[in-house]
Amino acid sequence: MSSIDSIAYALSFFTPLILLYPAYWAFDIRHALHSRFYRNQAFGLGLFSLVLTIAILPSPSPSSAGILGSNVYLLTYFLFTAIFWLGVIYFVDATALVSRRLDPLLRDIIHWSKVRYAFWIIQGVIVAYTLLTVTFAIATKNAPLVNDILQGNNNNMHSGPGVPVAFAWILSFASLFVFVPIALRARDPTFRRHLKWLAVFAAATLIDIFASGALGSVTSSSPSTGVGALVGNLLFFTVVAYFLYRSARALVPLNRIPLEA
């Protein structure tokens, strides 16, 4: 293994560890909160930080020889990917519903109580389609079909069977932008500070998606993408981890506790 490959592998394993920091803070802060809503939100943020590490998993390469050589890895990869797709929708949904319950007027921002069903149904159908298609391709040793699915996973929207897979990634990250309007409309001051950092996180994700040409730097951290792309991933997820950490801290005013005279 060359020195460049060694650096690439080191970066690919180090990057997910960054997201353990906001997860630790979220779970730890949860014990200091009295409000059930805040405790649940802190717990959800911790789980979301952990789920986000799945987005950094090295994607199987569609151009590699023997694409069906590791069936267990293929199935495991897409099982974890499905957890990510559904986990993001769940956290966004739970946050939007909590925001409504904390609103004195119970406002339904962007009609989320209805829109949420579209997100859940579409993502659920894609998850079922992906897992069944990959299982079928492995059982029938259909390498071209697996290749199409992996092309879609790497954001190729022209791979036929892989198009729904690419759309699942887009839908997951698109759902994050729900944080922006609910942050702008939130009335509870503590929850508003929490949502503000989630909105900044969503904005940073949007910038990364456009800067990387859709989802390239977010959904693939294979050494074949090059050390430069992995360094970019490392920097991006370091920024993401900071925003999630600040969002967790915002649930409890640690820096506003008055000193005893």
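Could you list, in sequence order, the residues of the stretch 123-148 that are aromatic (Phe, Trp, Tyr) and more than 14 Å from Ala166 (Cβ to Cβ)?
Taking the stretch 123-148 and keeping what is aromatic (Phe, Trp, Tyr), we get 129, 136.
Within the stretch 123-148, just Phe136 meets the criteria.
Within the set of pairs 6 or more residues apart or between chains, which connect a residue that is under 18 Å from Ala128 (Cβ atoms) and in contact (Cβ under 8 Å) with a residue 12 or more places away in the chain inside the stretch 68-93 to a residue that is aromatic (Phe, Trp, Tyr) and assigned to a helix (DSSP H, G or I) with Cβ atoms less than 8 Å apart? These pairs meet every condition: Trp85/Trp169; Gly87/Phe48; Val88/Phe48; Val88/Phe173; Ile89/Phe119; Ile89/Trp120.
Yes or no, residue by residue, for (1) within 19 Å of the chain's Cα centre (by Cα); (2) of a type outside the set (D, E, K, R); (3) farther than 30 Å from His194 by Cα:
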position	(1), (2), (3)
Phe84	yes, yes, no
Ile89	yes, yes, no
Trp120	yes, yes, no
Ile126	yes, yes, yes
Ala137	no, yes, yes
Asn142	no, yes, yes
His158	no, yes, yes
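Would it be correct to say that Val72 is of a type in the set (A, V, I, L, M), over 19 Å from the mean Cα position of the chain (by Cα) and closer than 30 Å to Ala186 by Cβ? The answer is no for Val72. With respect to being part of a helix (DSSP H, G or I), in contact (Cβ under 8 Å) with a residue 24 or more places away in the chain, crowded, with 17+ Cβ neighbours inside 10 Å and in contact with a Pro (Cβ under 7 Å, 6 or more places away or on another chain), Thr133 fits the description.
Can you find a residue in the stretch 169-178 that is within 24 Å of Arg116 (Cα to Cα), among the hydroxyl-bearing types (Ser, Thr, Tyr), within 19 Å of the chain's Cα centre (by Cα) and modelled with pLDDT of 90 or more?
To start, the set of residues in the stretch 169-178 that are within 24 Å of Arg116 (Cα to Cα) comprises 169-178.
Among the residues that remain, those that are also among the hydroxyl-bearing types (Ser, Thr, Tyr) are: 172, 175.
Retained after the next criterion (residues that are within 19 Å of the chain's Cα centre (by Cα)): 172, 175.
Checking the rest, the ones that are also modelled with pLDDT of 90 or more come to 172, 175.
The answer is yes; a qualifying residue exists.
Within 23 Å of Tyr77 (Cα to Cα) and outside any helix (DSSP H, G or I): is that true of Asn147 in this structure? When the stated conditions are applied, Asn147 does not pass them. Of the listed requirements (1) touching a helix residue (DSSP H, G or I) at 6+ places or on another chain (Cβ under 8 Å); (2) surrounded by fewer than 19 Cβ atoms within 10 Å (Cβ to Cβ); (3) in contact (Cβ under 8 Å) with a residue 60 or more places away in the chain; (4) in a loop (DSSP other than H, G, I, E, B), Asn155 misses just one: (2).
The values are calculated or read from the model by the stated rules, or taken from the named source; none is laboratory data. Here the structure is a predicted model, which means the values were calculated and not measured. Neighbour counts run over all protein chains shown; Cβ positions are idealised from the backbone, glycine included.
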